[in-house]
1. Here are the criteria: (1) surrounded by 16 or more Cβ atoms within 10 Å (Cβ to Cβ); (2) within 27 Å of Ala124 (Cα to Cα). Tell me which single one Lys40 does not satisfy.
2. Taking into account only those residues within segment 43-83 that are farther than 20 Å from Gln168 by Cα and small (Gly, Ala, Ser), which is surrounded by the most Cβ atoms within 10 Å (Cβ to Cβ)?
3. Looking at segment 127-185 only, could you name the residues that are assigned to a helix (DSSP H, G or I) and touching a Gly at 6+ places or on another chain (Cβ under 7 Å)?
4. Does Lys517 meet the test of being surrounded by fewer than 16 Cβ atoms within 10 Å (Cβ to Cβ) and under 27 Å from Asn317 (Cα atoms)?
5. Check Glu526, Glu473 and return the single one that is farther than 19 Å from Lys363 by Cα, in the same structural domain as Glu393 (by the TED database) and open to solvent by 20 Å² or more (accessible area, probe 1.4 Å).
6. Restrict the check to segment 2-16 and report whether at least one residue is more than 22 Å from Val218 (Cβ to Cβ), assigned to a loop (DSSP other than H, G, I, E, B), free of Cβ contacts under 8 Å to residues at least 60 places away in the same chain and open to solvent by 50 Å² or more (accessible area, probe 1.4 Å).
7. Just to verify a result, which residue in segment 290-329, among those that are open to solvent by less than 40 Å² (accessible area, probe 1.4 Å) and small (Gly, Ala, Ser), is modelled with the lowest pLDDT?
8. For segment 17-37, how many residues meet the condition of being under 19 Å from Cys219 (Cα atoms), open to solvent by 70 Å² or more (accessible area, probe 1.4 Å) and not in a strand (DSSP E or B)?
Amino acid sequence: MITVNNVGLRYGDRKLFEDVNIKFTPGNCYGLIGANGAGKSTFLKILSGEIEAQTGDVHMGPGERLAVLKQNHFEYEDQEVMTVVIMGHERLYQVMQEKDAIYMKADFTDEDGMKAAELEGEFAELNGWEAESEAAILLKGLGIEEDLHNKKMAELTGGDKVKVLLAQALFGKPDVLLLDEPTNHLDLKAIQWLEEFLINFENTVIVVSHDRHFLNKVCTHIADLDFGKIKIYVGNYDFWYESSQLVTKLTQEANKKKEEKIKELQNFIARFSANASKSKQATSRKKLLDKISLDDIQPSSRRYPYVHFTPEREIGNDLLRVEGISKTVDGVKVLDNVSFIMNKGDKVALVGRDEIAKTTLFKILAGEIEPDEGSFKWGVTTSQAYFPKDNAEFFEGKDVSLVDWLREYSPNDQSESFLRGFLGRMLFSGEEVLKKASVLSGGEKVRCMLSKMMLSGSNVLMLDEPTNHLDLESITALNNGMINFKGAMIFASHDHQFIQTIANRIIEITPNGLVDKKVTYDEYLENSELQKQVASMYN
């Protein structure tokens, strides 16, 4: 258990949070949510002791151990993978080092023998004899095969390093586990394994994530950081979101009725207060008016962009025909005889482990590169808008304001006020519209690219990983915008809920060709070999 008493932190005049009083109890997984910049990662650092709060304190139970997912992927370059995992249990690793140092002594004394015996006892109490087998199970579950366990961290890919650091945090059954964006850079199989691990974890977990499906699967509670406070809600992310939207709506409706009543009373008072025959009645109405106070609907610090794609023309039945497309990239054949037909109403999720294959197919369909073999043809009624995974070329060296940047992609020479209003709905308000396009953050660039797509009026959308760099609010807005889109689309994403709620057809690129099914994502996974592999790995 971890207890937070009156914790507060400010940076200059900016208040991150104050008077935070919470108990995080064993057996529960808390999803810490809040707008970008609200202080989620900072709060985790206070819990871990990495930084100190200006007020209040954090307590753990006596003898309890806390583990944190490290963010520096290059911290252990000279260490072996297995060693890095075991280092997650600091005291156990220290005992192992002390033991080894004693046994390496050339002049082993009786005093050394007694110390070694003490260490051996503590080593056994800390489950040291099972350490390597437990570490191996965690590594294998996350997709790090046995031949890498004794390699140096420097020899691993970036994605594998992330998995090793995650195994380090999970190692040794910590009493409190702090995870900041644990699903970043994980493949689907590793995410599913981690979900099962956390569902069965018996101690306290506090996690920050932009993956709504992950939060829904593992969280028993939501810790909502807003207005400098943290409130705990029972349930997963979807339950919190739906209930919070409902409360806001009900409060607004109640206030609307009060506003109508106040207006009625004000009109009555204005009309009759000068009328002697009704002056008493007017006075009583005024007293009633004074007693009515609108409930404060405190605006959330969360801001949802307005994402809405409107096709300029209805799409015909003849949409897209792909025939025998093959492509080799850097000597590797990533697409081999790919053929499929897209129909009106299709919302296709393009899935598969090979990221390059998916991106290459998008680039071919967008006309950016040519296939080595095969062809494709868009229907005459179609117009396409493309969201590339790498959008750097649209912003690098663009020394223009956002208004001028968007004007370049705006049909019909839209006015300045129109473009400012459009950017305002995408959360660029006031002077922000004058920011240079070349200095935008990753999330801001994505919102600009979505604005560009919305202005195009296209009836076919192609999106390659559009949720990258977005916060939960922007992901939710984009998710809803794509659900409501009346045209056709083909998209790739690692966001489970995104795919499940949008796609009505799944196309997987595999080494043995395409798998093409008109099903939801969950239905697809239920029948896929992947799901069976994940279940067998965990069990």
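1. If we test Lys40 against (1) surrounded by 16 or more Cβ atoms within 10 Å (Cβ to Cβ); (2) within 27 Å of Ala124 (Cα to Cα), just (2) comes out false.
2. Checking each candidate, the answer is Ala53.
3. Of everything in segment 127-185, those that are assigned to a helix (DSSP H, G or I) and touching a Gly at 6+ places or on another chain (Cβ under 7 Å) turn out to be Lys163, Gln168, Ala169.
4. Considered against the rule, which asks whether it is surrounded by fewer than 16 Cβ atoms within 10 Å (Cβ to Cβ) and under 27 Å from Asn317 (Cα atoms), Lys517 comes out as yes.
5. Result of the check over Glu526, Glu473: Glu526.
6. Checked segment 2-16: at least one residue is more than 22 Å from Val218 (Cβ to Cβ), assigned to a loop (DSSP other than H, G, I, E, B), free of Cβ contacts under 8 Å to residues at least 60 places away in the same chain and open to solvent by 50 Å² or more (accessible area, probe 1.4 Å).
7. Looking at the filtered set, the residue picked out is Gly316.
8. Counting residues in segment 17-37 that are under 19 Å from Cys219 (Cα atoms), open to solvent by 70 Å² or more (accessible area, probe 1.4 Å) and not in a strand (DSSP E or B) gives 1.
The values are calculated or read from the model by the stated rules, or taken from the named source; none is laboratory data. Computed from a prediction, not measured in an experiment: that's the story for all the values here. Glycine also receives a Cβ, built like all others from the backbone with ideal geometry; neighbour counts cover every protein chain displayed. Heavy atoms of the whole protein, side chains included, go into the accessibility calculation; ligands, DNA and RNA do not. Shrake-Rupley method; radii C 1.70, N 1.55, O 1.52, S 1.80 Å.
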